[in-house]
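Down below is the structure, laid out as C-alpha cells.
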Amino acid sequence: MCAFKVEHLLVDELDYELKIRDVVPEESATVDRKRNLLRGALKQEEGNRSFTQLSAVHIPFEDQRKGISETLDSLSKKIEKFRGTVQDNEYVRLISRLAHISGRVHLLQCTTEEQEPFKKSVSLKILTLEGELDSKVNPIATSTPNAPISVVPSFTYSKPVQVHKWGVSFSGEKQHNDVISFLQKG
C-alpha cells in the first residue's frame, strides 16, 4: 500500500516514482499526465495486478544522492517553517513527501562501502525530520460542555397506596367471579 499521495509529489519526485516502476512517459508529458500514470501504476500495485518489481538499480548512485539531498533540503526548510495541525494541507503534503523520500532511501542500492554512510545518514535525517514535524503540530481544539444537561420529567410520580386504603371492598358476589372483574367494573 502506498503511503504518499501522488498529488503531493513534486515533478522530480514523480519522475523518480515512474522510473522505478519502469514507466516511461512521452517526452512532452505534463505533470497531470505523469500523476495519472503514477496513479494507474499504484492502483495496479494495490490490486495485485502489477508484475513490475520496484527497482532503482538502473539509476546511478550519484544521481540518487543529488535527488535525495535536494529533497531533504527542501523538506527541512518547509518543516522548519511549519506551524499547524494534522488536518492542514501542508502537513499532509509534508507527510507524503517524507514517505516518498523514505521509500527512495530504502530502494537506494549501495554498490561500495563508501556509499553506505550516506544511506545511513539520510535515514537518520528522515527520522529527525519526522520527529521535528510531529513536535510542531498544534493539537486540534475541541469543545467540552460546561455542565451536563439534566432531563426533568414532565409528569410527577405518585406514591403507591396500599390496597386496604383504597376504600373498596370485595364481597365475593356472584356477578364478580374474581378480583380483576370487580376492579374493572369499579
| request: With the condition kept exactly as written, say whether any residue in the range 85-93 is in contact (Cβ under 8 Å) with a residue 12 or more places away in the chain, in a helix (DSSP H, G or I), touching a His at 6+ places or on another chain (Cβ under 6 Å) and surrounded by 17 or more Cβ atoms within 10 Å (Cβ to Cβ). | output: yes
| task | Could you please let me know if Glu45 is of a type in the set (D, E, K, R) and either under 17 Å from the mean Cα position of the chain (by Cα) or surrounded by fewer than 15 Cβ atoms within 10 Å (Cβ to Cβ) (or both)? | result | no
| said: Among (1) outside any helix (DSSP H, G or I); (2) touching a residue at least 60 places away in the same chain (Cβ under 8 Å); (3) not basic (Lys, Arg), there is one condition Ser96 misses while meeting the rest; what is its number? | reply: (1)
| Restricting the range 124-137 to residues that are in contact (Cβ under 8 Å) with a residue 12 or more places away in the chain and of a type outside the set (Lys, Arg), the residue that is nearest to Pro60 (Cα to Cα) | Ile126
| field | Test: residue in the range 114-123 that is surrounded by 13 or more Cβ atoms within 10 Å (Cβ to Cβ), touching a residue at least 24 places away in the same chain (Cβ under 8 Å) and of a type in the set (Gly, Ala, Ser) | value | no
| Test result for Lys125, farther than 24 Å from Val11 by Cα, at pLDDT 95 or above and in a helix (DSSP H, G or I) | no
| query | For Thr156, are the conditions met, namely being modelled with pLDDT under 90 and out of contact with any Leu (no Cβ under 8 Å at 6 or more places or on another chain)? | reply | yes
| query | In the range 89-122, what residues are closer than 22 Å to Leu9 by Cβ and among the hydroxyl-bearing types (Ser, Thr, Tyr)? | reply | Tyr91, Ser96, Ser102
| said: Every residue in the range 1-25 that is of a type in the set (Asp, Glu) and at negative phi, please. | reply: Glu7, Asp12, Glu13, Asp15, Glu17
| query | What are the residue pairs meeting all of these: first residue in the range 38-65, first residue within 14 Å of Ile20 (Cα to Cα), second residue in a loop (DSSP other than H, G, I, E, B) and of a type in the set (S, T, N, Q), Cβ atoms under 7 Å, and 6 or more apart or on different chains? | reply | Ala41/Ser50; Ala56/Gln109; Val57/Gln109; Phe61/Thr111; Phe61/Gln115
| Any idea which of (1) at pLDDT below 90; (2) part of a helix (DSSP H, G or I) is the one Lys78 doesn't satisfy? | (1)
| request: Have a look at Val11, Val24 and point out the one that is touching a helix residue (DSSP H, G or I) at 6+ places or on another chain (Cβ under 7 Å), surrounded by fewer than 13 Cβ atoms within 10 Å (Cβ to Cβ), over 24 Å from Gly131 (Cβ atoms) and free of Cβ contacts under 8 Å to residues at least 60 places away in the same chain. | output: Val11
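The values are calculated or read from the model by the stated rules, or taken from the named source; none is laboratory data. What you see is a predicted model, and the numbers here were worked out from it, not measured in a lab. All Cβ positions, even for glycine, are placed from backbone atoms using ideal geometry, and neighbour counts span all protein chains on display.
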